[in-house]
Amino acid sequence: MTRLTRVIPPGSEEDHLPNVDLSTELANVAFPSPVMTASGCAGYGRELDQFFDITDIGAIVTKSIMLEPRSGRATPRMAETPSGMLNSIGLQGPGIDSFLAKDLKWLEHRGARTVVSIAGGSLDEYVKLAQRLRLSTGVAAIEVNISCPNVEDRGQVFACDPMASSTVIDGVRRNTSPTVPVFAKLSPDVTDIVSIATACVDAGADGLSMINTMLGVVIDTQTMQPHLGGITGGLSGPAVRPVAVRCVWQVHRALPDVPIIGIGGIRNGGDALEFLLAGASAIQVGTTIFNDPSAPIRIQRELQRLLHARGFDRLQDVIGHAHHVPPPQVPDVIDEDIASEPETAGAEG
């Protein structure tokens, strides 16, 4: 594929970036930047590499890989929604053998840091995927997409049950190289995301990615039928960002030592900063890539400027900063006479 390059004129924005250390650490693995692509929104990196140097951002997160090739769901697969989109791709992909031979090899040769997302319909599939990746080089981390139906349990989504989630994570962790961190990607479609997060960490997850898309339906008012071929789809984009930030906030408060990758509706540096303040150590850029393929590098630069403008010399100091709220100022002594004095109807005449 021909690589398109941009000629950057002297005096451009790249020449005026402030000196801010953007490096971050996720489970003892160092990344030069917190900005990553989100799984499913950038393929395997080749498409984006013509718009910016993919080695300049933190990492490429691959589309979720399954054990066997998969054709995905029926069309239509996507629908626009207010402030977002609904997708029902169905984890279409080439399978692990083709991925290892072509895509992972290309990413390694290109010099990109690669987080491999894996998905399965049973515990056995996840374990076999982990075993295959254990024999491969060029894997910076594994992101376990547990928002998949468990075919062995009436289609119950793994991520919606603490026991099922922990079983998958335990199987992957046991069959992955100890030097490769395992991140559990959590679904927001649960009553208590902290309980799911805790179960995954107790099972061996080195960190958490949150959130995956939210389940939704779009109905075509002309045909009066569901628009998507698969009926339901995953909602992403700015509409889900407050939910995602809430999830990151809650989990970071409960598990402050667990690294979190924040995901959900990030369009600019301010959005990325919001996740970091809530407790994320890194972020992923997804839906906005469809509109702006250069969004990851743009957001990285915007974040760098924002950190500098707010007095931060390094990214590490902003992680979870919003939790450091000073206690409310309460008077030590309350004047009981004043406190108990009844209100008057008006001023004295």
- If you stretched the chain out fully between Thr232 and His16, how much longer would it get, using 0.36 nm times the residue separation minus the C-alpha to C-alpha distance? 73.2 nm
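Just how large is the dipole of the stretch 123-236 about the Cα centre, in debye to the nearest 20, putting +1 at every Lys and Arg Cβ and -1 at every Asp and Glu Cβ? List each step's numbers first, then the result.
Numbers: 7 positive and 12 negative charges, 80 e Å.
In debye, rounded to 20, the stretch 123-236 gives about 380.
Under 1.5 on a/c is rounded, so check that first for the stretch 30-99, then, if it is not, pick prolate when a/b is larger than b/c and oblate when it is not; a ≥ b ≥ c are the square roots of the alpha carbon gyration tensor eigenvalues.
Working: a/c = 2.34, a/b = 1.30, b/c = 1.80.
Taking the square roots of the gyration eigenvalues as a ≥ b ≥ c, the stretch 30-99 is oblate.
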- Based on DSSP H runs of at least 4 residues, each adding -39500 (n - 2.57), what is the mean residue ellipticity at 222 nm of the chain after dividing by all its residues, to the nearest 500 deg cm²/dmol? -7500 deg cm²/dmol
- Sort His308, His227 so the one with the fewest other Cβ atoms within 10 Å of its own Cβ comes first. His308, His227
- Item | Amide hydrogen neighbours beyond the local backbone of Arg113, cut-off 5 Å, H modeled | Ile60
- Net lengthening on full extension, Val194/Gln222 (0.36 nm per residue, minus Cα-Cα): 6.0 nm
- DSSP loop (so not H, G, I, E, B), at most 11 other Cβ within 10 Å: list which trypsin sites (Lys or Arg not before Pro) in the stretch 128-218 pass both filters. Arg154
- Task: Determine the shape class of the stretch 197-319: with a ≥ b ≥ c the square roots of the Cα gyration tensor eigenvalues, call it rounded for a/c under 1.5, and otherwise prolate if a/b is greater than b/c, oblate otherwise.
- Result: oblate
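Determine the gain in length on full extension of the stretch Lys105-Thr55; use 0.36 nm per residue of separation and subtract their C-alpha separation, reporting nm with one decimal. Intermediate results must be reported in sequence, preceding the final value.
Numbers: separation 50, 0.36 × 50 = 18.00 nm, distance 1.48 nm.
The Lys105-Thr55 span can extend by a further 16.5 nm.
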- Message: Can you list residues from other chains, or at least 5 along the same chain, whose modelled amide H is less than 5 Å from the amide H of Val218?
- Response: His227, Leu228
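Please return the longest range in the chain lying between exposed loop sites, taking GluC sites (Glu not before Pro), DSSP loop only, at most 15 other beta-carbon atoms within 10 Å, and leaving the sites out. Don't skip to the end; give the middle numbers.
Details: sites that count: Glu47, Glu152, Glu343, Glu348.
The reported range is 153-342.
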- Item | Alpha-carbon centroids, the stretch 64-137 and the stretch 289-313: separation in whole Å | 27
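Determine, for Leu186, Leu277, Leu123, Leu133, the number of other Cβ atoms within 10 Å of each Cβ, and report the residues in order from fewest to most.
Numbers: Leu186 28, Leu277 21, Leu123 17, Leu133 24.
Exposure proxy ranking, most exposed first: Leu123, Leu277, Leu133, Leu186.
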- Specify which residue in the list Gly279, Leu307, Thr24 is farthest towards the positive end of the charge dipole of the chain, using unit charges on the beta carbon of Lys, Arg (+1) and Asp, Glu (-1), about the Cα centre. Thr24
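Once you charge only the Cβ atoms, +1 for Lys and Arg and -1 for Asp and Glu, what is the size of the charge dipole of the stretch 18-340 about its Cα centre, to the nearest 20 debye?
Numbers: 25 positive and 34 negative charges, 253 e Å.
Result for the stretch 18-340 is approximately 1220 debye, rounded to the nearest 20.
So if R0 is 30 Å, what FRET efficiency would His323 and Ala30 give, r being the distance between their Cβ atoms, rounded to the nearest 0.05? Each step should come with its number before you reach the end.
Values: r = 24 Å, r/R0 = 0.79.
So, using R0 = 30 Å, E works out to roughly 0.80.
Return an integer: the convex hull volume of the alpha-carbon atoms of the chain, in Å³ per residue.
Values: hull volume 82.3 nm³, N = 349.
Considering the Cα atoms of the chain, their hull volume per residue is 236 Å³.
Given +1 on the Cβ of Lys and Arg, -1 on the Cβ of Asp and Glu, and no further charges, what dipole in debye does the stretch 166-212 carry about its Cα centre, rounded to the nearest 20? Numbers along the way, then the final one.
On the way: 3 positive and 5 negative charges, 37 e Å.
I would put it at about 180 debye.
Read-outs: derived from the displayed coordinates by stated rules, not from any lab. A quick note: this is a predicted structure, and the numbers were derived from the prediction, not measured. A quick note on method: Cβ atoms are made from the backbone with ideal geometry, for glycine too, and the neighbour counts reach across all protein chains shown.
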